[in-house]
Amino acid sequence: MFRAFGYAATLVFSLFAATVSAQSWQEGTHYRTLDNPLHTESDTGVEVAEIFWYGCPHCYNLKPLAEAWEESAPDYVNYVRLPAALGRSWEPHAYAFYALQAMGELDKVHDALFDALAGEHRPLNDAESLGDFVEGYGVDREQFIKNYKSFGVRAKVQQAQSKIRGARVTGTPTMLVNGKYVVTASMAGSHEQMLEVVGYLAEQEHNAAGE
């Protein structure tokens, strides 16, 4: 499905070695710094948050590159995903992400949701249609819907959207480094260069912390 993955793995293998010496990344041009840093989920390491939407074609294209980047990232990188709900039609997919995560079933359906929503534009826009969909991948439909409508999942979605608003994110995909720096492909120049900038900023944060 993602034919670029082999290329992505080869490309990303050298990203961290190349970021510092090969480019001069400029604040305000290739990334922006938040005036008020945001809370991160871990007290140690450097959090790299991928802000995405399952229906976003650009996120769909970034996916194999981001996965290869995550696989080759240094141990100090804490990679997380934040499903964006920048429009009302995006909200069901953020709820689905956290419902599946709560069930420990996200790995079963994460790729399939991208294929269905960004690739095939299927109308999966409520708990019931999403429940029917995930059932086809071995996820208990009723348990999924129960989690989808739960207070815990609602709280997770609200926390994610609060963080996304705090970073003043207006589109996807966007990368948020350690709650301080925002990087997009349009700023960096391409998906590949976005990941290079992220690697550079993550290394800078790691070195500054002296960990």
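FYI, it's all coordinate maths here, none of it is from the lab. The shown structure was predicted, so the numbers you read here are calculated from the model rather than taken from an experiment. Heads up, the Cβs are rebuilt from the backbone with ideal geometry, glycines too, and the neighbour counts pull from every protein chain shown.
Provide, in order from the shortest bin, the percent of all Cα-Cα pairs of the range 109-187 in each 10 Å bin, continuing until the bin that contains the maximum pair distance.
16, 34, 36, 15, 0
Scan around V80 for amide H atoms under 5 Å from its own, H built in the peptide plane at 1.01 Å from N, and keep only partners 5 or more places away or cross-chain.
When sequence neighbours closer than 5 places are left aside, the close amide H contacts are V48, A49, E50.
Which lysines, on any chain, are close to K180 with Cα under 21 Å apart, when same-chain ones fewer than 8 places away are left out?
Straight-distance partners of K180: K156, K163.
Which percent, nearest 5, of DSSP beta bridges in the chain are antiparallel? Show your work: numbers first, answer last.
Numbers: 10 of 18 bridges.
The antiparallel fraction comes to roughly 55 percent.
Could you list the square roots of 5 times each eigenvalue of the Cα gyration tensor of the range 5-209, that is, the equivalent ellipsoid semi-axes, sorted largest first and rounded to whole Å?
Numbers: eigenvalues 178, 66, 46 Å².
With the √(5λ) rule applied to the range 5-209, the semi-axes are 30, 18, 15 Å.
Which cross-chain or sequence-distant (5 or more) residues have an amide H under 5 Å from the amide H of R122, H modelled 1.01 Å from N in plane?
Answer set, sorted by chain and number: L117.
If Lys and Arg each add +1 and Asp and Glu each add -1, what is the summed charge of the other residues whose beta carbon sits under 10 Å from the beta carbon of Y98?
On the way: positive: R154, K156; negative: none.
Net charge around Y98: +2.
Using only DSSP helix segments of four residues or longer, with each worth -39500 (n - 2.57), what per-residue ellipticity at 222 nm results for the chain after dividing by its residue count and rounding to 500? Display every interim value, and only then the final one.
Values: 10 runs with 111 residues, N = 211.
Rounded to the nearest 500, the figure is -16000 deg cm²/dmol.
Would you mind working out the magnitude of the charge dipole of the chain relative to its Cα centre, with +1 at each Lys and Arg C-beta and -1 at each Asp and Glu C-beta, to the nearest 20 Debye? Walk me through the numbers on the way to the answer.
Values: 16 positive and 27 negative charges, 140 e Å.
That gives a dipole near 680 debye.
Find which of A209, A127, H191 sits farthest along the positive direction of the dipole of the range 5-209, computed with +1 on the beta-carbon of Lys and Arg, -1 on that of Asp and Glu, about the Cα centre.
Result: A127.
Express in % the proportion of alpha carbon pairs of the range 76-122 at distances exceeding 14 Å. Please list the in-between numbers first.
Working: 619 of 1081 pairs.
The answer is 57 percent, as a whole percent.
Which of the GluC sites (Glu not before Pro) found in the range 84-176 are in a DSSP loop and have at most 13 neighbouring Cβ atoms, other than their own, within 10 Å?
Loop-located and lightly packed - E120.
Could you work out the longest stretch of the chain that avoids the trypsin sites (Lys or Arg not before Pro) located in DSSP loops with at most 12 other Cβ atoms within 10 Å?
On the way: sites that count: R3, K149, R168.
Within the chain, the longest run free of exposed trypsin sites (Lys or Arg not before Pro) spans 4-148.
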